[in-house]
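Engineer: I have a structure here, written as structure tokens, and I will follow up with some questions on it.
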Amino acid sequence: MNGGDILIECLKAQGVSTVFGMPGTQNIQIYDSLLRRGEGNINHFLVRHEYSATIMADGFARATGDIGVAITVPGPGASNASTGILEAFTDCVPILLITGQSHSECYKRHPSKMFHGLDQMRFFEPLTKYCAIAHTVSEIPIVVEKAFKAMRNGRPGPTVLEFPMDVTSGNGEVRIPDRVDRDDLPTADVSSLSTAVDKIRNAKLPLIFAGSAVIHSNARTELKLLAEKLNAPVIVTRCAKGALSEDHPLALQVSYGYLGQQALNQADCLIAIGTRFTSIDTRNWSLKMPKSFIQIDEDEDEIGREYPCDIGVVGDLKLTLQALIEDVSIDRNGWDTVLPPLQAAFNSQPPLPITHELQDVLPRDTIYAVDVHSLGYASFAEFPIYDPRTLLHPNIGVALGYSYPAALGAKIAHPNRPVVCFSGDGGFMMGAMELSTAMKYGINVVTIVINDDCLSAIKGSQQKGFEGRTIDTDLQNPDFVEFAHSFGAYARRVENLEDFKPVLRDALSAEKPALIEVMMHGYQDEMIDSIGWLNGFALRKARF
């Protein structure tokens, strides 16, 4: 086999079924091998911009829990794709970027003198769990196995592999490695567990703060059982939204929302489970944690890293939570008195447009890809999610334009489930070229574009911070309906919000890529007022 064939066989052995990318000079041998060796096993989707290749892979990975794969040329192809690598790195998503490279002899030259020149290892090393070059044919299965081992163990994250043209075209005999699976981890030591149990037993208002590691370690059932046994409400990080189904009476949604902040203020004991305490989840580490603080994680380096804790418990989260559930109990609990008035105040907020209508029309298993826009921000605190693999958002890196390519990746992963892209006008334009991809492959995502002709969050920040002055946050938009029609997509415009639900139903039944443009030009002030981080996450007062 040549090196390209070996690479494809290695991907097949790891269970890869889908790749996103664009062929070019330095990856042409990989694509020929994909055509010959991957047919019937690995589906390829051509993107119109390499930015979308890794974002589609990200959407595929988040929606499935498996690894997403992208292929680009080196240099500008890889640097275009690097935004998706950044998002995967900050949000702990397992995606693999495969790039070609010029002949190995070119490594002797300075990258600035090479065709598509870029020292990709230096470029990607800070953004990946593993990155490597296969310098020989025999190294191909080695680097692939190491990449999948990195992605399937510990907190997930992205990897990058580079293959020179002479390596992918060269011949060799190698062993194709077996599938790499997650390694078993031990439960926590008895002493730290016992100390944590004693601390919890003495709590009157215990609060659970769950992170995405609960999802990665398949410990959602244990999270629910522990919360119910303690009658402890659960707040979550952005990446863990839906770890506890948000129709559960103990689910308070995201940590920095109104309910999350109120619960943190009332709690006398915090049980953090797989939580990284990122800047966004803690409002730049301004949220105050209860003095009694237990941190449980599979990564010892996370214990006490961002906030000091009383007790650190390290071990497999599923096994550790099972042990806690067996041993812990609580005699008295004040949440039955504390929570109802908080929830009543939260539920008294005026309804947001679009978000509630979505759940009126769409089934429970719908996948939502939500971009960075004013109404999208509210989804974390106000839009209930029942499964963590049904809300896709660039949580920490916060890349504008994420939602449309991510939605396509999710729909490819789940072709029989509704997938909705919920975007602002600014964000949609950054991924809109992939309407071509959607039409080429019949990827029937329904896209909702909120058109208020401005970058509302940034415009609101300018107004608030600079005595009402703004600069270049008003947009010149196309006619989005005609734009979508030019690709052959179904498209409708909503001028009156009362018409949204019937138009959404029509779009879902169109059996082709669809776009709904929602005109919100007259609601710029209300849109800005609805953005929690601009208004201190107090209860929302804006009415539409």
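Engineer: Here is a list: Q295, Q253. Which entry is outside any loop (DSSP other than H, G, I, E, B), crowded, with 22+ Cβ neighbours inside 10 Å and under 20 Å from the mean Cα position of the chain (by Cα)?
Structural biologist: Q253
Engineer: Looking only at region 459-478, count every residue that is in contact with an Asp or Glu (Cβ under 9 Å, 6 or more places away or on another chain) and either loosely packed, with under 14 Cβ neighbours inside 10 Å or not in a helix (DSSP H, G or I) (or both) and tell me the total. So that I can check it myself, show each step before the final result.
Structural biologist: Here is the first cut: in region 459-478, the ones in contact with an Asp or Glu (Cβ under 9 Å, 6 or more places away or on another chain) are 459-460, 474-477.
Okay, now just the ones that are also either loosely packed, with under 14 Cβ neighbours inside 10 Å or not in a helix (DSSP H, G or I) (or both), so 474-477.
Total meeting the criteria: 4.
Engineer: Failed condition for T64, given (1) over 15 Å from the mean Cα position of the chain (by Cα); (2) surrounded by fewer than 22 Cβ atoms within 10 Å (Cβ to Cβ); (3) polar (S, T, N, Q), with all others met?
Structural biologist: Against the list (1) over 15 Å from the mean Cα position of the chain (by Cα); (2) surrounded by fewer than 22 Cβ atoms within 10 Å (Cβ to Cβ); (3) polar (S, T, N, Q), T64 comes up short only on (1).
Engineer: Being without any contact (Cβ under 8 Å) to a residue 40 or more places away in the chain and not acidic (D, E) is the filter; apply it to region 298-324 and report the residue that is most open to solvent (accessible area, probe 1.4 Å).
Structural biologist: Out of the qualifying residues, it is R305.
Engineer: Right, here's the next one. Of all residues in region 230-248, which are in a loop (DSSP other than H, G, I, E, B), more than 16 Å from the chain's Cα centre (by Cα) and touching a residue at least 40 places away in the same chain (Cβ under 8 Å)? Spell out how you get there, then give the answer.
Structural biologist: Start the filter on region 230-248 by keeping residues that are in a loop (DSSP other than H, G, I, E, B), which leaves 231-233, 237, 241-248.
So of that shortlist, the ones also more than 16 Å from the chain's Cα centre (by Cα) come out as 231-233, 244-248.
Result: N231, A232, P233, S245, E246, D247.
Engineer: Kindly indicate the residue of region 1-41 that is among the hydroxyl-bearing types (S, T, Y) and within 26 Å of the chain's Cα centre (by Cα) and also surrounded by the fewest Cβ atoms within 10 Å (Cβ to Cβ) among those meeting that condition.
Structural biologist: Start the filter on region 1-41 by keeping residues that are among the hydroxyl-bearing types (S, T, Y), which leaves 17-18, 25, 31, 33.
Filter once more, so that each one left must be within 26 Å of the chain's Cα centre (by Cα): 17-18.
Working: S17: 16, T18: 19.
In this case the residue turns out to be S17.
Engineer: Give me a count of the residues in region 387-414 that are surrounded by fewer than 24 Cβ atoms within 10 Å (Cβ to Cβ) and charged (D, E, K, R).
Structural biologist: Qualifying residue count, region 387-414: 2.
Engineer: What number of residues within region 138-149 satisfy the criterion of being open to solvent by 20 Å² or more (accessible area, probe 1.4 Å) and not charged (D, E, K, R)?
Structural biologist: 2
Engineer: Out of the residues in region 479-510 that are part of a loop (DSSP other than H, G, I, E, B) and without any contact (Cβ under 8 Å) to a residue 40 or more places away in the chain, state the one that is most open to solvent (accessible area, probe 1.4 Å). Full working, then the answer.
Structural biologist: If we filter region 479-510 for residues that are part of a loop (DSSP other than H, G, I, E, B), which is where we start, we get 479, 488-489, 495-496, 509-510.
Filter once more, keeping what is without any contact (Cβ under 8 Å) to a residue 40 or more places away in the chain: 479, 495-496, 509.
Numbers: D479: 69, E495: 131, N496: 73, S509: 78 Å².
Applying the filter and picking the extreme gives E495.
Engineer: Restrict the check to region 390-397 and report whether at least one residue is more than 23 Å from T275 (Cβ to Cβ) and modelled with pLDDT under 95.
Structural biologist: To start, the set of residues in region 390-397 that are more than 23 Å from T275 (Cβ to Cβ) comprises none.
No; the residues of region 390-397 include none that is more than 23 Å from T275 (Cβ to Cβ) and modelled with pLDDT under 95.
Engineer: Still on this model: Restricting to region 511-532, and then to whatever is of a type outside the set (D, E, K, R) and in a helix (DSSP H, G or I), can you tell me which residue is surrounded by the most Cβ atoms within 10 Å (Cβ to Cβ)?
Structural biologist: We begin by selecting, within region 511-532, every residue of a type outside the set (D, E, K, R); these are 513-516, 518-524, 527-528, 530-532.
Next, only the ones that are in a helix (DSSP H, G or I) stay: 521-524, 527-528, 532.
On the way: H521: 10, G522: 9, Y523: 20, Q524: 17, M527: 24, I528: 22, G532: 20.
If we take residues in region 511-532 being of a type outside the set (D, E, K, R) and in a helix (DSSP H, G or I), then M527 is surrounded by the most Cβ atoms within 10 Å (Cβ to Cβ).
Engineer: Right, something else. The conditions are (1) touching a helix residue (DSSP H, G or I) at 6+ places or on another chain (Cβ under 9 Å); (2) surrounded by fewer than 17 Cβ atoms within 10 Å (Cβ to Cβ); (3) closer than 25 Å to E50 by Cα; (4) among the charged types (D, E, K, R), and R417 fails exactly one of them. Which is it?
Structural biologist: Failed condition: (3).
Engineer: In this structure, does T237 turn out to be farther than 30 Å from D32 by Cα and either among the β-branched types (V, I, T) or out of contact with any helix residue (DSSP H, G or I) (no Cβ under 9 Å at 6 or more places or on another chain) (or both)? It would help to see each step written out before you state the result.
Structural biologist: Values: farther than 30 Å from D32 by Cα: yes; either among the β-branched types (V, I, T) or out of contact with any helix residue (DSSP H, G or I) (no Cβ under 9 Å at 6 or more places or on another chain) (or both): yes.
Taking the combined requirement at face value, the residue satisfies it.
Engineer: Take region 433-458 and flag every residue that is buried (at least 24 other Cβ atoms within 10 Å of the Cβ), among the hydrophobic types (A, V, I, L, M, F, W, C) and in a helix (DSSP H, G or I).
Structural biologist: If the condition is that a residue be buried (at least 24 other Cβ atoms within 10 Å of the Cβ), among the hydrophobic types (A, V, I, L, M, F, W, C) and in a helix (DSSP H, G or I), then L435, A438 are the ones that fit.
The values are calculated or read from the model by the stated rules, or taken from the named source; none is laboratory data. The structure presented is a predicted model; accordingly, all values stated were derived computationally and were not measured. Glycine also receives a Cβ, built like all others from the backbone with ideal geometry; neighbour counts cover every protein chain displayed. Areas reflect the complete protein model, heavy atoms only, side chains present, ligands, DNA and RNA absent. Shrake-Rupley method; radii C 1.70, N 1.55, O 1.52, S 1.80 Å.
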